[in-house]
Amino acid sequence: MARFEVDLTAFATNLVTIRTTVAPAVHMLVVKDDAYGHGLAAIVPAARVGGVRWFGTFDVATAVAVRALTGPAPRIVAWTVYNAGEIDLALAHDIDLGLGTHELITATAAVGARTGHAARVHLKVDTGLHRNGIRPEGWAAAVAAAEHAQRAGALSIEGVWSHIAEASDEADDRARDEFFTAVDAFEQAPPLRHLAASAAAFARPGFQLDLVRIGAFAYGIRPSDGPSDAELGIRPIGTLIASVTDVATDAVTVDVGSLDGLDSRLAGRLQVGTPAGPRPVTAIGPVSAQVAAWPGAAVGDDVALFGGRAPASATDVAEMLHTIGEEVVLRISPRLPRRYLSAAA
Ligand SMILES: *Cc1c(COP(=O)(O)O)cnc(C)c1O
């Protein structure tokens, strides 16, 4: 049966690589988009066993789901707050909030003053990506408001952070300069500065600071047109697997098609893993695909389409399609069951 198979041993190995690469900075595991399609419910407990102490999510609802999986110990940061009602929810579940507007600082401080429970917050400065964050011109006033609320016991400023493009070293250098200027605006420097995601955390040690927010590399998704898995010391943890449903003379049919995440432009270009070694995909329909036949092919055989156990990784596929590995993995249909392999299983 078609499935997305996730190797939790490979995940644990990637976590060790990340931890040693970024030390003494700490790894915040980013688990947005259902842990990049790998399944939050299995990834979070595996990450806990692997020593992860910080989790990062987009939204508060996911952060609350992570808290239910972890219990009280780890820190969980949600960096998008859609409305003030979510602030109460986050506080009730001991979630740190990433705040990217002055209004949210004010609203969070008001909740802290009302409940007597100071929210832990990470103030976000926009250093050029324009993907939320407080613009430099409003930064001094926002910091002053947050520090005032902190003195009143209504907020606890845990961190200052930004997100960078990781597209060119020059632009990232400029963003880091702006970031350091923003850090200087505090009367009392926040304990944690965080700026880097996967690519910068590995390629540019000067961007690691105190905390790095890494998703992609933990799942073994390397950047398109960048360093290899071997150079990074990571490997893909997921493999999209199809099953043979029909065998003809020249081709076998497998039960994954374009609707499940096998882009139809890959026909004639992608080599997949069969029991007899790599074979090309020759045609891709909406719910099935054709693979060049091999001797002894049988209904029920597994075919590894892409990922850690296939000839091509998700990023190899992404490079054929001029996109990024995250997009290829996130296209895998939620309809396909996630299956987990681990040393203990
Ligand atoms: C997705 C995301 C990350 C993680 O990026 P990767 O390249 O997957 O490591 C870090 N920070 C923010 C704000 C993000 O949205």
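Every read-out reported here was derived from the displayed coordinates using simple, explicitly stated rules and does not represent laboratory data. These numbers were taken from a predicted model, which means no experiment stands behind them. So basically every Cβ, Gly included, is an ideal-geometry build from the backbone, and we count neighbours across all protein chains shown.
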(request) Wrap a convex hull around the Cα atoms of the stretch 278-345, take a quarter of its surface area, and give that in square nanometres. (result) 6.2 nm²
(request) Note the full-extension length gain between Ser228 and Glu170 as 0.36 nm times their separation in residues minus their Cα-Cα distance, in nm to one decimal. (result) 18.6 nm
(message) Just the number: Rg to Rh for the stretch 160-263, Cα atoms, Kirkwood Rh, two decimals.
(response) 1.22
(message) I'd like the trypsin sites (Lys or Arg not before Pro) in the stretch 1-75 restricted to DSSP loop residues with at most 16 other Cβ atoms within 10 Å, sorted by number.
(response) Arg53
(message) Can you tell me how the stretch 68-175 classifies by the Cα gyration tensor, rounded, prolate or oblate, using a/c under 1.5 as the rounded cut?
(response) oblate
(message) Looking at the chain as a GNM with Cα springs under 10 Å, which of Val30, Val125, Val299 has the largest mean-square fluctuation?
(response) Val299
(message) Looking at the calculated P(r) for the stretch 196-345, what percent of the C-alpha pair distances fall above 20 Å?
(response) 50 percent
(message) What is the angle, in °, between the Cα long axis of helix 136-151 and the longest principal axis of the Cα atoms in the chain? Nearest 10 is fine, range 0 to 90.
(response) 70 degrees
(request) Per DSSP H run of at least 4 residues, take -39500 (n - 2.57); add these up for the chain, divide by its residues and hand me the 222 nm value, nearest 500 deg cm²/dmol. (result) -10000 deg cm²/dmol
(request) Quick one: what are the phi-derived ³J(HN,Hα) couplings along the stretch 278-286, Karplus 6.51/-1.76/1.60 with θ = phi - 60°, whole Hz, x for glycine and proline? (result) x, 9, x, 7, 9, 7, 10, x, x
(message) 5 Å is the cut-off here: which amide hydrogens, built 1.01 Å from N in the peptide plane, fall below it relative to Val30, excluding neighbours closer than 5 in sequence?
(response) Gly56, Ile214, Gly215
(request) Can you bin the stretch 114-219 into rounded, prolate or oblate? Criterion: square roots of the alpha carbon gyration tensor eigenvalues sorted a ≥ b ≥ c, rounded for a/c under 1.5, prolate for a/b above b/c, oblate for the rest. (result) prolate
(request) For the chain, report the translational diffusion coefficient in µm²/s to the nearest whole number, using Stokes-Einstein at 25 °C, 0.890 mPa s, and a Kirkwood Rh over Cα pairs. (result) 114 µm²/s
(message) Classify the stretch 236-284 from the C-alpha gyration tensor, please: rounded if a/c falls under 1.5, else prolate or oblate depending on whether a/b exceeds b/c.
(response) rounded
(request) Under a 10 Å cutoff between Cα atoms, tell me which one of His148, His122, His102 has the largest fluctuation in the Gaussian network model of the chain. (result) His148
(message) If I fit a long axis through the Cα atoms of helix 40-49 and take the longest principal axis of the Cα atoms of the chain, what angle between them do I get, 0 to 90°, rounded to 10?
(response) 70 degrees
(request) Rank Arg120, Arg213, Arg204 by mean-square fluctuation in a GNM of the chain with C-alpha springs under 10 angstrom and give only the top-ranked residue. (result) Arg204
(request) Search the structure for amide H atoms under 5 Å from the amide H of Ser333, placed 1.01 Å from N in the peptide plane, and list their residues when 5 or more places away or on another chain. (result) Gly261
